[in-house]
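K.L.:
Would you mind keeping the following structure in view while I ask a few things?
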Amino acid sequence: MFRLSIILPLLCAISVNGDYYTAISELERLLDVEAFIVEKFDEYLERAQQEQKNLKRFLDHIEEQQNDRGDLEDYFGNPLNAFITIRRLVHDWKFNVFDPVFNSSNFETYKSTLGDSLEKINIKAPTQEDLNGATRALLRLQNVYQLNTDHLASGVLLPGEKNPLNISLSASDCFELGKNLCQIKEYSYGSEWLLEARKKLHGNPLGFISPNVSDVEILEHLSPAFNGLGNLKLAHKLNNEILDKKPDHEEAHRNKLLYEGQLAKERSFTPRKQVDLPHVAGKKEPKESYKLYTQVCRGELHQTPREQRNLRCWLTHQGVPYYRLAPFKIEQLNLDPYVAYVHEVLWDSEIDMIMEHGKGNMKRSMVGQSGNSTTTEIRTSQNTWLWYDANPWLAKIKQRLEDVTGLSTESAEPLQLVNYGIGGQYEPHFDFMEDDGQKVFGWKGNRLATALFYLNDVALGGATAFPFLRLAVPPVKGSLLIWYNLHSSTHKDFRTKHAGCPVLQGSKWICNEWFHVGAQEFRRPCGLVSDEGKFLHLENK
């Protein structure tokens, strides 16, 4: 049988690691892929007079979602929509469409037409890695923002809200989340999602898409999950339920002997032995900066009124006559190290140009210096570079950066455009280089200052957090965030460790510039007193 030999290889041939869950902009392509597949299979259904009503209902369901999607930024800014779309392409199309249709005897009359059509378009489908990445993203949102599983499954992000996401997860969605989490030994949240899947399955046993998962399948993962949590009695009870429903289940019989042996050993010990939790044991204790980061992102930790009382806002032309009639709007956020907001510094037309030139060229963001950089869950986003020489229209923005910061762009890097994906984040890090930038940037030296443009508003989450300063800066469209990474003596300032909080709802686009020490001799003269070693205790925290 021909089965999936035409379509699935074509769907997966050009797939790149983490293409979809790492950037909202990439997710928009998935709906176009689905729209194409719907169109082609509708033709096949009409020609073959397919009698499977569930297949047609599935296609109608997808078409309805296509029509209701609205603005794609808003649609995929909803993390549940993003997860469901990836899961649908990875699993539901296979079980609801490809398997039943390709097993049909009428497929041979249509396969050549469909195959030729698929070869004409460049389809890049999500992979299991994308689905695993989306799972980790939702786990990250739960961990950082302490979201309840049952609320999230119903589309409620924060307590007291009534389904603001206007979406809820099916039993299959919850099962996939729970199964994937248990595979990476996140048994606590994994068991919660499996229980949620069971609740939805029992509450609506004939509901749409629910036939893809059975009670036995859920129990096959739920029982070991509770064993991993140290709840052996409940694991044994759930394993017995599997045998009640399926007496010939071989793995359940093996687990029954295992659990009963472990229970017998436990009873022989007094006092009862405390069982370590596998999802905690073996994992490194988070750094202090990470703990502070999550607290700052949640709003539990912030600056005191005493620390804020000397901060001010003012209008300034920065000594540039051009800005006397339209001065910069500066808001100080921290004095030492200096952190400031410049409001309304980018026009909408400039934002549109930046995003237009960046989209289509985005690649998975990496961590580390050139030559040793790698992709990691520490940074879940995609980025591209906009070079000033290749984009003359950036000249005005380049000049504006010099005017507002007072720094020279002679040694600056190209602009970096970044889009964050599902639960997109960048964990605490420094912008300066370990080797003072000499190896990578030569005469330009280390990164003196960071200027970060916010290209859009973010509904929930996505703030720039400074853990040691207890400061969270929310994204405001068109604004610029500026801070110095080095002391006035150009030594590293370890207080400037910062992070991008996970995007809870919405899409986050930023564009940043790094100013280097080189060519700043007359713009920001080096201090006469060495600051080397200051706040060194924060380096590895």
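K.L.:
Check region 328-336 and report whether any residue there is of a type outside the set (Asp, Glu), over 30 Å from residue 441 (Cα atoms) and in a loop (DSSP other than H, G, I, E, B).
P.N.:
no
K.L.:
Considering only residues that are part of a strand (DSSP E or B) and surrounded by fewer than 18 Cβ atoms within 10 Å (Cβ to Cβ), which ones fall in region 416-439?
P.N.:
416, 429, listed by residue number.
K.L.:
Has region 336-355 got any residue that is of a type in the set (Ser, Thr, Tyr), buried (at least 17 other Cβ atoms within 10 Å of the Cβ) and under 30 Å from residue 435 (Cβ atoms)?
P.N.:
no
K.L.:
Pick out the one residue from 159, 164 that is of a type outside the set (A, V, I, L, M), modelled with pLDDT under 80, assigned by TED's automatic domain parsing to the domain that holds residue 215 and touching a His at 6+ places or on another chain (Cβ under 8 Å).
P.N.:
Being of a type outside the set (A, V, I, L, M), modelled with pLDDT under 80, assigned by TED's automatic domain parsing to the domain that holds residue 215 and touching a His at 6+ places or on another chain (Cβ under 8 Å) holds for just one of 159, 164, which is 159.
K.L.:
Quick test for you: out of 460, 480, pick the one residue that is in contact with a strand residue (DSSP E or B) (Cβ under 9 Å, 6 or more places away or on another chain) and either under 20 Å from residue 414 (Cβ atoms) or free of Cβ contacts under 8 Å to residues at least 12 places away in the same chain (or both).
P.N.:
Testing whether each residue is in contact with a strand residue (DSSP E or B) (Cβ under 9 Å, 6 or more places away or on another chain) and either under 20 Å from residue 414 (Cβ atoms) or free of Cβ contacts under 8 Å to residues at least 12 places away in the same chain (or both) leaves just 480.
K.L.:
What residue, among those in region 296-306 that are assigned to a helix (DSSP H, G or I) and touching a residue at least 40 places away in the same chain (Cβ under 8 Å), is surrounded by the fewest Cβ atoms within 10 Å (Cβ to Cβ)?
P.N.:
Only one residue fits best here, namely 298.
K.L.:
Can residue 410 be described as of a type outside the set (S, T, N, Q) and part of a helix (DSSP H, G or I)?
P.N.:
Judged against the criteria, residue 410 is not a match.
The values are calculated or read from the model by the stated rules, or taken from the named source; none is laboratory data. This one's a predicted model, so the numbers in the text were calculated from it and none came from an experiment. Cβ coordinates were reconstructed from backbone atoms using ideal geometry, including for glycine residues, and neighbour counts include every protein chain displayed.
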